[in-house]
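The values are calculated or read from the model by the stated rules, or taken from the named source; none is laboratory data. All values reported here derive from a predicted model rather than from experimental measurement. Here the Cβ is made from the backbone with ideal geometry for all residues, glycine too, and neighbour counts use every protein chain on show. To get the accessible areas, we keep the full protein, side chains included, count just its heavy atoms, and leave off ligands, DNA and RNA. Shrake-Rupley method; radii C 1.70, N 1.55, O 1.52, S 1.80 Å.
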Amino acid sequence: MGYKILCFGLFCILFAYYIYIPMPENIEERWKIQFLDAGVKMLSFMGKMFEIMGLMKYEDVLSILVKVQLTKPVSDENITVIDTDFSDIPVRLYLPKRKSEKQRPAVIFIHGGAFTLGSCKMLPYDYLNRWTANKLDAVVVGIDYRLAPQYPFPAALEDCVLVIKYFLQDTILKKYGVDPTRICISGDSCGGTLATTAIQLLQNNPEHKDKIKAQALLYPGLQFIDTLMPSHRINEHGPFLSREIAIKLAYLYVTEDTALVQAMQRNEHMPKGSRHLFKFVNWSDFLPEKYKKNYVYTEPTLGKLNVFYPALLDSRLSPLLVNDSQLQSLPLTYILTCEHDILRDDGLIYSTRLRNVGVQVTHDHIEDGIHGAILLITVPCNLHLAVRIRDKYISWLEKNL
Ligand SMILES: *[C@@H]1O[C@H](CO)[C@@H](O)[C@H](O)[C@H]1NC(C)=O
Ligand SMILES: *[C@@H]1O[C@H](CO)[C@@H](O)[C@H](O)[C@H]1NC(C)=O
Ligand SMILES: *[C@@H]1O[C@H](CO)[C@@H](O)[C@H](O)[C@H]1NC(C)=O
């Protein structure tokens, strides 16, 4: 009994502590966000404690948030929903029921979760993909790629590429009544990373390239090499995705060796001889002035880590590392960035770099936006912000796909 009271007391103190972490000024539905954010930070704290005590791994504690939101494939009056697999990778398909004379557009959606969490079967993704299928009269494919740390880099990417290649086959497009000139690949957060990289890889193959009309990236993460951009500093404590949580989860895609996580927290993880890569992500060159605030660019500290991880130099992990000639022929692009997001600058830099080489980019910046907001689109944790992001994304697709 005494033990339970002690736990409950500790819980209350922690919650009170987290709920008083100051929020940015312009946030809508402030109390709801403050409450949800305190919940996430508590869970992260529990994750750290459980890991120290050897009870559960950090990422397994956070994945509780995913497990409670998994859904079954439930069809409704408009959409048939099917769980199946493409090239042995699990996918969830959304097929409009209404009769159509014409072939339909298609969207392949890659979910977020820092490469370690998440599923296309989570309620908010199921909702968004169903909504997309219904609004656009489109075939939508959600991909359940393999997750880290059990399946490290480049497993997630390989799965996404396999599914995309499978779907783009003429016989498969025909089977689902898809117009091969109206296909978009979308993703949020690390799903945006995977979409970006998959398209960069597939553009070298004329058979696939011509079938990818557009890419839509919602607050994507696009690099692992600089963890101290202005957005990382301004949004160090979140809301939702703090710098600590992001690094603690995402590094697992590279390794389980905690030396890397510590080095990434200090931004001293890149090896000697990698300075030339920083020009591709140099925020001092690519961020529009208003986002730089008073931050001053500092040269990276290299060669502090004794172990060498080739993935850190790989553009399949950090798609911002490709050179301009590889960006030139990328498809029509939609990028949505949020002001209160540590990954804000990744999206802003990609948007600048794509525009510099003549790629057609629509960029929406949400001034009161928060990383991961699309996960908060279903009751009881629903935000107006999530609806606004959904509507911007969908209306871009309606106009451009
Ligand atoms: C089916 O589509 C109609 C028209 O778009 C919409 O009003 C209705 O809510 C949809 N039903 C479901 C279950 O989503
Ligand atoms: C980043 O850009 C700034 C300003 O253009 C420049 O002074 C600096 O040398 C660049 N750093 C790297 C590592 O490319
Ligand atoms: C860009 O990168 C590609 C692939 O790594 C390489 O073949 C090409 O020579 C590079 N182009 C320039 C201008 O550096």
- Message: Defining a contact as two alpha carbons under 8 Å apart and six or more residues distant in sequence, what relative contact order in percent does the stretch 250-346 show?
- Response: 32 percent
- Message: For a test of the definition: using alpha carbon positions, the gyration tensor, and the 1.5 limit on a/c, classify the stretch 120-220 as rounded, prolate or oblate.
- Response: oblate
- Message: Can you list residues from other chains, or at least 5 along the same chain, whose modelled amide H is less than 5 Å from the amide H of residue 116?
- Response: 148
- List the equivalent ellipsoid semi-axes of the stretch 204-270 in whole Å, largest first, each obtained as the square root of 5λ for an eigenvalue λ of the Cα gyration tensor. 29, 16, 11
- Just the number, please: carbon plus sulfur as a percent of the accessible area of the chain, 1.4 Å probe, no ligands or DNA/RNA counted. 57 percent
- Message: Can you give me the accessible area per residue for the stretch 244-401, using a 1.4 Å probe, in Å²?
- Response: 42 Å²
- Query: If the limit is 27 Å between Cα atoms, which of 293/399; 72/135; 67/209; 99/213; 72/211 go over it?
  - Reply: 293/399; 67/209; 72/211
- Note on the structure: 1/(1 + (r/R0)^6) with r = Cβ-Cβ of residue 123 and residue 307, R0 = 41 Å, i.e. FRET efficiency to nearest 0.05, evaluates to 0.55
- Note on the structure: Sparse-neighbourhood loop hits (chymotrypsin sites (Phe, Trp or Tyr not before Pro), the stretch 1-31; DSSP loop; Cβ within 10 Å at most 15 others) -> 20
- Message: So if I take the centroid of the Cα atoms in the stretch 158-186 and the same for the stretch 206-226, what is the distance between those two points in Å?
- Response: 15 Å
- Considering every Cα-Cα pair within the stretch 307-394, what fraction, in whole percent, is farther apart than 14 Å? 69 percent
- Compute the relative contact order of the stretch 190-339 as a whole-number percentage, counting only Cα pairs closer than 8 Å that sit 6 or more residues apart in sequence. 38 percent
- Mind checking which lysines have their C-alpha under 21 Å from residue 272, skipping anything on the same chain fewer than 8 residues away? 304
- Item | Nitroxide proxy distance, nm - points 7 Å out along Cα→Cβ at residue 356 and residue 262 | 3.6 nm
- Note on the structure: Percent antiparallel among DSSP beta bridges confined to the chain, nearest 5, equals 30 percent
- Task: Indicate the helices, whole DSSP H runs only, in the chain that combine a mean Kyte-Doolittle hydropathy of 0.0 or more with a Cα extent along their long axis of 27 angstrom or more.
- Result: 30-52
- Message: Using a 7 Å offset from the Cα along the Cα-to-Cβ direction at both residue 21 and residue 379, what is the distance between the two label points in nm, to one decimal?
- Response: 2.9 nm
- Item | Farthest positive-ward along the chain dipole, Cα basis, beta-carbon charges - from 387, 298, 7 | 387
- Message: Compute, for the chain, the length of the dipole vector about the Cα centre, with Cβ point charges of +1 (Lys, Arg) and -1 (Asp, Glu) only. Units Debye, rounded to 20.
- Response: 380 debye
- Which whole-number percentage describes the relative contact order of the chain, with Cα contacts under 8 Å and a sequence gap of 6 or more? 16 percent
- Item | Cα gyration tensor, the chain - rounded (a/c under 1.5), prolate or oblate | oblate
- Note on the structure: Dipole check, the stretch 259-390, charges on Cβ (K,R +1; D,E -1), about Cα centroid: among 322, 369, 335 the Cα furthest to the positive pole belongs to 322
- Task: Whole number in Å², please: accessible area per residue of the stretch 66-134, 1.4 Å probe, ligands, DNA and RNA not counted.
- Result: 45 Å²
- the stretch 103-126 scanned against label point 7 Å out from residue 135 along Cα→C-beta; backbone N under 14 Å for 107, 125-126
- What fraction of the DSSP beta bridges in the stretch 80-202 is antiparallel, stated in percent and rounded to the nearest 5? 50 percent
- Note on the structure: For the stretch 191-277, listing trypsin sites (Lys or Arg not before Pro) in a DSSP loop whose Cβ sees at most 14 other Cβ atoms within 10 Å gives 266, 272
- Query: Which of 143, 36, 237 sits closest to the plus end of the dipole of the chain, meaning its Cα is farthest towards the positive end, when Lys and Arg get +1 and Asp and Glu get -1 on the C-beta?
  - Reply: 143
